[in-house]
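Everything on this sheet refers to the single structure shown next.
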Amino acid sequence: MPKFYPTGGAKNFAHGIDYQRALLLLLLASAVNNGSPFYLGTEVRSASSFDDIVLLCEINKSNGTGKEKVWRFLQIKHKRDVHEKISLDDLLMQGKNSKFGLPKYLVAYLKIENSAEFSDGRKYFAIATNGNFDSESLASKNILIMKIDTEDEFLNIGNSTRYKFDSSIIQYLRKNMDFIKGEVGRDVSDEEIREFLNNLMFVVNLPSEDELIEPQLRINQYSKI
């Protein structure tokens with residue numbers, strides 16, 4: 001199991017921390033409502049850039065043959081100005097301080113995939129934000145984001161929307177290969193990038209902190225009746 005740590009002083013943006021704690025509480029309620037054993041942690045250092053919230057739980061297999069372990073790695077990015085859209089430049093930004101930079105998250109994904117600490121169970125990755133994409137800008141670059149319509153007992157939150165990128169963004173990510181190779185220590189194939197994109201979702205248009213907790217906890221409470 002991973003080692004869980006309390007929030008450190010390095011993350012001193014109070015609005016972001018409060019929002020992270022609100023989502024942590026919401027996921028805790030969902031995990032309890034699920035009725036299966038679970039582990040929930042925040043600031044999990046070994047989860048690299050997906051360290052905000054890590055959830056391990058058991059879910060029913062799709063074929064009805066029992067349960068399986070599933071890891072969820074969730075990174076929270078709270079925007080003060082929700083009208084400031086997420087652009088292609090934001091998605092391609094390098095460095096550990098980039099909020100939405102896919103190169104950073106690709107590196108973290110590869111480290112987690114190769115970690116014995118997280119070897120048991122399937123793994124899913126999410127970047128959750130109260131902001132939204134600059135869809136027109138992405139479309140002008142022929143980058144497709146695909147809406148996810150399937151149910152998700154943990155990430156169906158308010159009126160938020162879940163998206164995945166298709167392979168159209170790989171050509172842009174490849175321009176960051178020097179950074180990625182320097183962080184990973186080897187070349188990364190297009191197939192690995194496709195797998196990363198397939199296992200990564202963006203949860204956008206999340207409610208404000210006040211709208212996040214009370215209504216959603218009420219929904220979780222009624223779902224148990």
Condition first: more than 26 Å from ARG21 (Cβ to Cβ) and among the small types (Gly, Ala, Ser). Can you find one or more residues in the range 121-131 that meet it?
no
Is it the case that some residue within the range 21-43 is surrounded by fewer than 21 Cβ atoms within 10 Å (Cβ to Cβ), part of a loop (DSSP other than H, G, I, E, B) and at pLDDT 90 or above?
yes
If you scan the range 78-101, which residues turn out to be surrounded by 21 or more Cβ atoms within 10 Å (Cβ to Cβ) and at pLDDT below 95?
HIS78
Please report, ordered by residue number, the helices (runs of 4 or more DSSP H) entirely within the range 81-175 with at least 3 residues that are within 25 Å of PRO207 (Cβ to Cβ).
135-140
Any pair with Cβ under 7 angstrom, 6 or more apart, that starts in the range 23-35 at a residue that is among the polar types (S, T, N, Q) and ends at one that is loosely packed, with under 15 Cβ neighbours inside 10 Å:
SER30/GLU153; ASN33/SER223; ASN33/LYS224; ASN34/GLU153
Of (1) more than 18 Å from the chain's Cα centre (by Cα); (2) buried (at least 20 other Cβ atoms within 10 Å of the Cβ); (3) among the basic types (Lys, Arg), LYS104 fails just (1)
Here are some residues: PHE165, PHE133. Which one is within 19 Å of ASP90 (Cα to Cα), surrounded by 15 or more Cβ atoms within 10 Å (Cβ to Cβ) and touching a helix residue (DSSP H, G or I) at 6+ places or on another chain (Cβ under 8 Å)?
PHE165
Against the condition surrounded by 12 or more Cβ atoms within 10 Å (Cβ to Cβ), modelled with pLDDT under 95, touching a Leu at 6+ places or on another chain (Cβ under 8 Å) and farther than 22 Å from SER87 by Cβ, how does LEU212 come out, does it pass?
yes
What do you reckon, is ARG174 exposed (fewer than 15 other Cβ atoms within 10 Å of the Cβ) and not hydroxyl-bearing (Ser, Thr, Tyr)?
yes
Expected output for the range 59-80 (first residue touching a residue at least 24 places away in the same chain (Cβ under 8 Å), partner among the polar types (S, T, N, Q) and assigned to a loop (DSSP other than H, G, I, E, B), Cβ below 8 Å, 6+ apart or cross-chain) is ILE59/SER36; LYS67/SER36; HIS78/ASN130; LYS79/ASN130
Out of everything in the range 136-158 that is small (Gly, Ala, Ser) and surrounded by 12 or more Cβ atoms within 10 Å (Cβ to Cβ), what residue ends up being modelled with the highest pLDDT?
ALA139
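The values are calculated or read from the model by the stated rules, or taken from the named source; none is laboratory data. All figures in this text were calculated on a predicted structure; none of them were measured in a lab. Don't worry about glycine lacking a Cβ; one is built from the backbone with ideal geometry, like all the others, and counts go over all protein chains shown.
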